[in-house]
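Working notes, structure below.
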Amino acid sequence: MPAKVSHILPLEVFTYERGTRNAVVLPSGSVASDIELVFYDERKRLARYELRIANESTSVLNCHAYAVRAGRDGSPVACASVAVLPFSGVAVTFDLPLPFLGNYERITIEMHGDGIDLSSDTIPPGRDYRVLIRRAALLVFAGFSSIVLALSGLAQPRIVAVSAPSAALGGSAVTIGYEVRGLGDVQYQVTAPDGATLASGILHEQTGSLPLHLPAVATTRSYALALSKHTLLGADERTVYVKAMATPSPHLFMRVIHPAAITALGLDHSTVVAGNRITVRYGYLAKSGLLRLLDAQDTVWAATPLAPGGVAQFMAPTVPHPQVMRVALHVEKDDTSADSVVGVTIVPATPAPVAFRALRGAPLQIIAQTLRPGMVIPLRVTKAVADLHLAFQDPHGLVIESFNVDGDQATLHIPHDAQAGSYTLVISFADRNGQETVVVPIRIDKTASR
């Protein structure tokens, strides 16, 4: 059975900004199609179409939309396919990416069904080459403008830097360094405080130095060096100031300043027993100073300021074994200073026999119950007991030291920073009567002899 002849409605063509549209309707009105351009982006080269199909026939209508490339190959590009059931209608939207070079010749819509074969074409939006020409012109203009601006920037006169001393002695010569950019020479002028011109000229080099001879002056005066560069492309100026200091008279009295010095430093004895005095004798030329006794770790054991007679004494500290220390002398005068060091060996003193005191109710003996901070107190066990434990507490009941005693001897350490007051030594042990606890009062006194 031959296909029904389609009836093509008159083609409505609008500019691509509003969209193009094409419609096909069978004479019987049973099949109708309409394709419309609903969106177009020239910059992104994208066209969006809406395909609307109405099928009032009794068969399924297969519809295909494709774009045909312009040129010899004319290869199609599939856009959309849809099957429309009998007595129904559809609206399909599809995007068609347009080529950046060239264009599509047409967009074809084909509809096939029982005894129905329809085909219609619509023209896609063409490339607006006026936009391309405008863009190309803008790019060329921007590139040309950039080149002109770059060249003008390089040629524009500019004084980059001027280096000059802030002050110099009158009658001397100073060197002024400079760096310039751009076309043209640099003019310079040296002006005195009264406005008189001392020197002027032209500098041809882009980078260099300018010698400047300052006149001898009786009082300090400031001279101005002005650099300028003027061309048709612009101008730049820079001014620096150099102070000419008063020229001293050769007949002025020059005061001689003697620096600080140490003329002598020595000891009466290079080896001193702990607890004895270290006698230091020294001589100096200074206004102030300090004499210190230091150990190998630079810990200051004693210090005293300078004495007019040049004699000082230190108490040799208690040491467990021979130790080398040093006496350091530092003196100052005006902005000068001097230092000197002499060594001294401290040897421990021969310990005196220790007299222990019994503690009532405790299996221990102690040398004294009034002690001073920093002491190391030996303890002696007089009776063998089990679980002998000692706890040394401060006036607030806080435990300073706690340990078990194994053997017949122990040692109690009094902290160096212990404050004067009443402390307690808690002694606990086990004997045949059970667990026992003895509390022994201990007095901390910074003036205690032992």
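Condition first: more than 57 Å from the chain's Cα centre (by Cα), farther than 22 Å from Arg372 by Cα and part of a strand (DSSP E or B). Now tell me which residues in the range 400-450 satisfy that. Hits for the range 400-450 are Ser428, Phe429, Ala430, Asp431, Gly434, Gln435, Glu436, Thr437, Val438. For the residues Ala218, Ala224, the requirement of being at pLDDT 85 or above, closer than 18 Å to Gly170 by Cβ and among the small types (Gly, Ala, Ser) singles out Ala224. Number of residues in the range 344-368 that are more than 28 Å from Phe314 (Cα to Cα) and within 60 Å of the chain's Cα centre (by Cα) equals 0. Close Cβ contacts (under 6 Å, 6 or more residues apart or on different chains) running from residues in the range 264-278 that are buried (at least 16 other Cβ atoms within 10 Å of the Cβ) to residues that are assigned to a loop (DSSP other than H, G, I, E, B) comprise Val272/Ala316; Ala274/Ala316; Ala274/Thr318; Ala274/Val319; Ala274/Pro348; Ala274/Ala349; Ile278/Ala316. Answer yes or no: is there a residue in the range 423-435 that is loosely packed, with under 15 Cβ neighbours inside 10 Å, modelled with pLDDT under 90 and under 25 Å from Val319 (Cα atoms). Within the range 423-435, none of the residues are loosely packed, with under 15 Cβ neighbours inside 10 Å, modelled with pLDDT under 90 and under 25 Å from Val319 (Cα atoms). Among the strands (runs of 3 or more DSSP E) confined to the range 285-340, the ones with at least 3 residues that are at pLDDT 90 or above and exposed (fewer than 14 other Cβ atoms within 10 Å of the Cβ) are located at 300-305. Taking the criterion of being loosely packed, with under 14 Cβ neighbours inside 10 Å and in a loop (DSSP other than H, G, I, E, B), the residues of the range 341-365 that qualify are Ala349, Thr350, Pro351, Ala352, Pro353, Val354, Ala355, Arg360, Gly361. Scanning the range 95-105 for residues being assigned to a strand (DSSP E or B) and surrounded by 16 or more Cβ atoms within 10 Å (Cβ to Cβ) gives a total of 2.
Based on what the data block shows, is Ala91 modelled with pLDDT of 85 or more, hydrophobic (A, V, I, L, M, F, W, C) and under 30 Å from Arg43 (Cβ atoms)? When the stated conditions are applied, Ala91 passes them.
The values are calculated or read from the model by the stated rules, or taken from the named source; none is laboratory data. Just so it is clear, the structure is predicted and the values come from calculations on it, not from any experiment. Counting neighbours? That spans all protein chains shown, and the Cβs are built from the backbone with ideal geometry, glycine included.
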